[in-house]
Amino acid sequence: MDIPLSSRQLSAGILRLAVPHVTPDANNVQVMSLFNEHTSLIGLPVLENNRPIGMINRHIFLSQMSRPFFHELYDQKSCIAFMDKNPLIVDADSGLEYLSERVIETGDKAVTEGFILTQQGQYIGIGLGIDLIRTVSDLQARQHLQIMQSLEYARIIQESMLSRSRNTIEKTLDDWCLHWHPRDCVGGDIYAFQRVENGWLMVLADCTGHGVPGAFMTFIFSSALEKALSLAPANAPEQLLSLINQHIKQTLSQVHPSADRSQSNDGCDAIILFVDTQNEQVSWASARMHAFVLRQEAESATTLESCRKGVGYTDTPVDYQWQRYQAPLRRGDTFLIVSDGATDQPGGPRNVMFGKKRIQSLLAQNRTLSIPALSDALLAALKAWQGQQVSRDDMTWFGFRW
């Protein structure tokens, strides 16, 4: 990653935050107390002789301790029971260029969970990935050429992150489509696909913003999804959405109603859809995401039910529970999920939004086409509708026929 010359003169130490820490002698009751006292604390360093040996992630710790009987089992045990033994540790005198390279090597974990700073091996504090992003972005904003180089690098990272899911779709489904087109070089739409026993899981999310801010939110969402899948089964989409909501709110310090909305009110619209191939059923939980189904015997397409609360935003409670919907699958049924970059695109004679009804009509009119051909028809219709208008947002859609 190319870093502006001015940032090469800065060290990682400028990102240092003084936070509480514990030693291996601390029990989990003490850890819980610290997390309750310091509500914005994302990670709690664990030190031995003032040298870092690990980090306790707030989200993982609170999620584990909320399980039945975990308080009885772990309250008095050493805090290392929930400690990440391999956090990113960087010397405070290291340059931001080196730190950025290490964060990229580590992946979205360091972006969302932070890293430990030392001086001559001794602990001095932690740094947050979001602060690194802001610092480097502020410097790059003054150097347009290097911004473009960094955007290209970010595009490569983002596309690499998504390619694994696309490859899995290709190996799993026969009649399907996936269109991902960011408005800028990188974007705020993200998808994930995973095969599981007796079925598969599809996740599509439209994160706040587009371009670089949107892309950073997709990294946070990806980390949240990974953690959610470690705590809930793939066939429980409503639980996964709730866990993702908790992680995003905790990562962005949007947990409490008193949080300063001017600082951050970021989140996403999302849908998690699970197809049970053995029992031929589909279940889903949706947070304001547009999705449609055209049944084999139906004359027109209908919309899938969705909850009105977005994921992670300050007005969404941390304990909000999304509703789970379920329906049988019949051969020939067609499903299409779209981000609002498609439905909200202005155009046409009166410069109004493309809207959901036009998508429903397009599905019905082209029901005999294969899903890839149906996707081409939707893209052509959107381009004709858009005309000379600029793209309003990132556009993503996923479709399949059972």
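The values are calculated or read from the model by the stated rules, or taken from the named source; none is laboratory data. None of the values given here were measured: they were computed from a predicted structure. For neighbour counting, all protein chains shown are included, and Cβ atoms are generated from backbone atoms with ideal geometry for every residue, glycine included. The protein model used for the area step is the full one, side chains on, heavy atoms only, and it has no ligands, DNA or RNA in it. Shrake-Rupley method; radii C 1.70, N 1.55, O 1.52, S 1.80 Å.
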Ellipsoid semi-axes in whole angstrom, largest first, where each is sqrt(5λ) of the Cα gyration tensor of segment 255-402: 28, 24, 10
Reciprocal mean inverse distance between Cα atoms of segment 208-303 - Kirkwood radius, Å: 15.3
Segment 49-98: C-alpha gyration tensor shape, a/c 1.5 cut-off, then a/b vs b/c: prolate
Accessible surface, segment 1-108, averaged per residue in Å² (probe 1.4 Å): 51
Cysteines in the chain that, by Cβ-Cβ distance, have no pairing candidate under 4.7 Å: 79, 177, 185, 307
Separation between Cα centres of segment 358-379 and segment 62-132, rounded to whole Å: 47
Portion, in percent, of the accessible area of segment 160-274 that falls on carbon or sulfur, probe 1.4 Å: 45
Whether segment 171-236 is rounded, prolate or oblate, judged on the alpha carbon gyration tensor where a/c under 1.5 counts as rounded: oblate
Surrounding net charge for residue 201, when Lys and Arg each add one and Asp and Glu each subtract one, Cβ distance under 14 Å: -1
Inter-probe distance in nm under a simple model that places probes 7 Å from Cα toward Cβ, at residue 388 and residue 184: 2.6
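Counting only heavy atoms of protein chains, what accessible area per residue, in Å², does segment 210-308 have with a probe of 1.4 Å? List each step's numbers first, then the result.
On the way: 3880 Å² over 99 residues.
Roughly 39 Å² per residue, with all protein chains present.
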Links that overshoot a 24 Å alpha carbon limit, given the list 227/309; 85/171; 109/171: 85/171; 109/171
Kyte-Doolittle mean at least 1.0, axial Cα span of 20 Å or more - DSSP H helices of the chain: 211-231
Spatially proximal aspartates and glutamates relative to residue 356 (Cα-Cα < 20 Å; intrachain offsets below 8 disregarded): 189, 206, 269, 299, 305, 333, 340, 344, 376, 393, 394
Segments 281-289, 62-70 sorted - mean Cβ within 10 Å per residue, highest first: 281-289, 62-70
Environment charge of residue 333, counting only residues whose C-beta is closer than 9 Å and scoring Lys/Arg +1, Asp/Glu -1: +4
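Given 4 °C and 1.567 mPa s, how large is the Stokes-Einstein diffusion coefficient of the chain in µm²/s, with Rh as the Kirkwood radius over Cα pairs?
Taking Rh from Cα pairs, D becomes 57 µm²/s.
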